[in-house]
Amino acid sequence: MNIIIHENVKQFHLCNDSVSYIIGVLPTGDLGHFYFGRKIHDTEGIAMPCNPFPRPMTCNPNKIDDFSPELSSFEYPSFGRGDYRNPAYEILQGNGSRVSQFEYDGYEIVQGKPAIDGMPSTYANSEDEAQTLIISLVDKLTGIRQKLYYTIFRDYPVVTRRVSFINEGEEQVTITKALSMSIDLPDQDYEWIQFQGAWGRERFPVKREVTGGAISIESMRGISSSNFNPFFILKRPTTDEDHGEAMGIHLVYSGNFRAMAEGDSFDKLRVSIGVNDRWFQWPLGKGESFDTPEAVISFSDNGLGALSRSIHRFFNNNLVRSVYKNRPRPILLNNWEATNMSFDEQSILKIAKKGKEAGVELFVLDDGWFGKRDDDYAGLGDWVVNTKKLPDGITGLAQKVRDMGLEMGLWIEPEMVNEDSDLFRAHPDWVLAAPGRDKSLGRHQMVLDFSRKEVVDAIFDMLFAVIDGSGLTYIKWDMNRSLTEVYSAVADSDSQGTIYHKYVLGVYSLYEKLIKAFPEILFESCSSGGSRFDAGLLYYAPQAWCSDDTDGIERIKIQYGTSFGYPIVSMGSHVSEVPNQQTGRMVPIETRAAVAYFGTFGYELDLNELSDEEFEKVKKQIVFMKEYREVIQYGDFYRISSPFEADIVSWMSVSADKKCAVAAIYKIHTPANGSLPRVKLKGLDPDRLYTDDRGQSYYGDYLMNVGVEAYDREEMFNAQFGDYRSKMIVLKA
Ligand code: DGJ
């Protein structure tokens with residue numbers, strides 16, 4: 001890993017063994033983009049991959065005749081000076097002008113990676129693991145300084161970027177747009193993959209053709225959303241799972257965002273991501289600064305599979321920072337689908353006891369334990385235990401659960417309040433609401449104004465009182481509606497455009513306070529399933545509930561899509577009852593487990609309701625997961641086929657030393673008298689002899705080139721086995 005500086009030509013080459021990222025100062029003083037991709041040799045004065053010589057209808061800066069901004073490749077493009085593509089930032093000045101002229105003003109290199117105050121970001125575990133280049137640019141007229149941060153990591157094909165704005169001038173300005181990164185690629189020979197969906201079908205990959213004009217995705221919901229994830233991939237049209245170039249771009253952020261790929265008329269492609277500029281207005285007074293969230297840009301020239309595996313490793317090692325970092329996750333039992341809010345201590349203990357008998361390690365009490373929470377019309381905001389349901393409180397219940405030999409976890413939804421709550425009655429102005437307008441409700445609840453410190457502090461105090469001394473080891477932090485009427489009762493009119501972002505900062509600050517107070521707790525984020533599954537929250541909560549859709553078959557699609565940008569161990573995945581509560585589908589318990597294994601794994605049903613035969617299967621599943629969770633959750637993950645394209649879907653995890661692999665084959669529909677499909681495994685050592693759990697031995701090259709049979713013999717000849725079958729294969733070298 002290295003940052004090579006060519007002072008003469010003011011070029012900077014960030015590189016490690018796999019990637020090079022080259023930027024330099026342009027004749028205008030702006031920062032230009034020269035190259036990003038596979039590692040190349042360093043050369044002084046590499047040329048910009050496009051000729052910016054003016055043509056008819058282009059404009060050039062005064063006194064620089066041979067340079068046209070619209071034909072150039074920028075790193076952080078400005079508005080209003082001859083580049084007609086989407087800018088990366090805009091600054092509204094006191095006189096109404098939005099034109100700025102930032103010019104290079106030096107650089108600094110620091111070992112390691114500086115954190116961002118109050119926001120999540122990837123980090124270096126030691127100073128020699130990463131190097132950061134900070135380029136300074138100044139707008140002489142306003143005195144605003146931009147600091148562009150670039151970090152290169154020694155061990156990953158990854159560059160991270162972010163920007164700081166510092167007002168060193170005399171007058172206040174208003175930032176109306178401040179993306180985290182922008183890059184001008186030299187061609188448009190790409191396909192864009194976005195991860196889109198809705199509640200119950202989160203992060204389905206959708207491919208779009210890149211051409212002239214803009215492709216974009218965004219959220220204006222105040223959360224990153226299940227509609228569009230703040231992550232996308234650009235790949236070459238020929239790139240597949242195992243071959244070809246691709247880059248992934250994540251925003252490490254949990255609120256409104258916009259990502260874009262904008263093709264111009266000269267075959268260049270401007271790619272950007274950052275906080276959504278719609279209704280973003282950030283006044284920046286003298287001496288003040290503003291930090292954008294971080295963007296993570298990853299690269300692969302070995303296909304999408306390798307891209308995902310680098311991202312998984314990078315996030316597990318350099319984003320997640322809990323005591324659960326790189327630790328196999330506890331197998332949990334959650335009562336939500338079993339009881340909803342109708343429970344008492346006795347019924348809960350009965351469910352937990354059966355969980356212990358099955359081998360579960362952690363019992364999680366979901367929604368309904370506090371205030372007057374018997375349905376979703378009341379109680380949110382009153383984080384005081386409902387002693388009618390739980391006479392001995394959370395501490396008493398947790399003690400009883402612990403006495404059974406289980407850890408105890410709890411559900412919270414700290415950002416919300418119901419109209420019918422003591423909190424709202426005492427503080428009706430603590431919610432986001434526009435003056436004189438009706439309030440929109442979502443699930444009958446309102447959103448607390450987390451841009452206000454006193455609101456965050458009050459919620460923290462209530463939660464602290466519940467958690468402190470209770471011995472809880474897990475918290476599920478839920479968030480069940482999007483934001484509306486984003487207006488704060490205490491902010492002045494000039495500052496209302498800061499509230500969306502300050503809300504997210506408030507969420508981060510509450511996470512930070514809780515983590516500091518209870519470092520031993522494992523947090524799982526949740527937002528009506530996976531509506532806020534993003535790299536920002538992974539920094540605080542190392543796992544996230546993937547979806548409320550627990551149907552074994554739908555979950556294959558959800559977990560498949562999620563695996564492109566997020567580690568297997570980050571995906572909350574449970575076995576639930578049949579008929580499934582979301583789809584009504586009947587999926588065999590083996591397949592429900594075979595899907596849930598590829599995540600955190602747990603159960604979300606009343607195990608007392610199972611037949612003896614099914615319960616015995618559950619016990620075996622738990623034994624299996626305890627044995628192989630390390631490989632599944634932290635091994636190298638290979639997608640073999642797509643649930644959006646194939647009827648036989650498969651994926652697998654391989655340990656880093658390639659001595660153990662766990663593969664799953666899902667057979668969605670069973671044909672009568674079908675063919676004899678084989679699945680070619682991936683990621684094994686071709687020269688090792690592997691023995692499977694049926695006692696058969698094969699070389700890795702056989703398993704990867706000839707493959708394994710998708711159906712066992714008896715299944716093939718007996719169609720009455722039905723649909724939705726699965727086969728798990730364990731291989732040991
Ligand atoms: C939505 C979550 O996704 C569910 O798992 C459950 O916790 C409910 N909220 C509880 O209200």
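Derivation of every value follows stated rules applied to the coordinates shown; laboratory data play no part. Computed from a predicted model, the values in this text were never measured in an experiment. Please note: Cβ atoms are built from the backbone with ideal geometry, for glycine as well, and neighbour counts cover all protein chains shown.
At most 12 other Cβ atoms within 10 Å and a DSSP loop assignment: could you name the GluC sites (Glu not before Pro) in region 24-114 that fit?
Sites meeting the loop and neighbour criteria: E44.
Mind checking the dipole of region 2-318: about its Cα centre, +1 per Lys or Arg Cβ, -1 per Asp or Glu Cβ, Debye to the nearest 20?
The dipole magnitude comes to about 780 debye.
Multiply the residue gap between D701 and V490 by 0.36 nm, knock off their C-alpha separation, and tell me the result in nm, one decimal place.
Fully extending the segment from D701 to V490 adds 69.4 nm.
Could you tell me what percent of the DSSP beta bridges with both partners in the chain are antiparallel, to the nearest 5?
Around 85 percent antiparallel, to the nearest 5.
In debye to the nearest 20, how big a dipole does region 648-732 give about its Cα centre with +1 on each Lys and Arg Cβ and -1 on each Asp and Glu Cβ?
Rounded to the nearest 20 debye, it is 120 debye.
Which residue, chosen from G255, P56, S126, occupies the Cα position most advanced towards the positive end of the dipole of region 2-318, where the dipole is computed from +1 (Lys, Arg) and -1 (Asp, Glu) charges on Cβ about the Cα centre?
Farthest towards the positive end: G255.
Tell me, what ³J(HN,Hα) does each residue in region 554-563 have, in order and in whole Hz, if you take phi through Karplus 6.51 cos²θ - 1.76 cosθ + 1.60 with θ = phi - 60° and put x for Gly and Pro?
4, 4, 4, 5, 5, 6, 4, x, 5, 5
Let's see if you can work this out: charge +1 on each Lys and Arg Cβ, -1 on each Asp and Glu Cβ, no other charges. What is the dipole magnitude of the chain about its Cα centre, in debye to the nearest 20?
720
Please report the spacing between the Cα centers of region 615-645 and region 374-427 in Å, no decimals.
Measuring centre to centre over Cα atoms gives 33 Å.
Counting each DSSP H run of 4 or more residues in the chain as -39500 (n - 2.57), what helix-only mean residue ellipticity at 222 nm follows after dividing by all residues, to the nearest 500 deg cm²/dmol?
Only helices count here, giving -6000 deg cm²/dmol.
What range in the chain is the longest one free of trypsin sites (Lys or Arg not before Pro) that are in a loop by DSSP and have at most 11 other Cβ atoms within 10 angstrom?
Between the exposed loop sites, the longest stretch runs 64-387.
Quick one: Karplus J couplings for region 253-265, per residue in order, coefficients 6.51, -1.76, 1.60, θ = phi - 60°, nearest Hz, x for Gly and Pro?
7, 10, x, 4, 8, 9, 10, 8, 10, 10, x, 9, 8
Write out the GluC sites (Glu not before Pro) in region 157-247 meeting two conditions: DSSP loop, and at most 11 other Cβ atoms within 10 Å of their Cβ.
Passing sites in region 157-247 are E170.
For region 328-403, which chymotrypsin sites (Phe, Trp or Tyr not before Pro) pass both filters: DSSP loop (anything but H, G, I, E, B) and at most 13 other C-beta atoms within 10 Å?
Answer by residue number: there is no such site.
Could you work out how far helix 393-403 tilts from the main Cα principal axis of the chain, as a 0 to 90 degree angle to the nearest 10?
Result, in degrees: 60.
Need the full-extension length gain, D657 to D693, defined as separation in residues times 0.36 nm minus the C-alpha distance. One decimal, nm.
Residue separation times 0.36 nm, minus the Cα-Cα distance, leaves 11.1 nm.
Angle between the Cα long axis of helix 453-467 and the longest principal axis of the chain, 0 to 90 degrees, nearest 10?
Once rounded, the angle reads 20 degrees.
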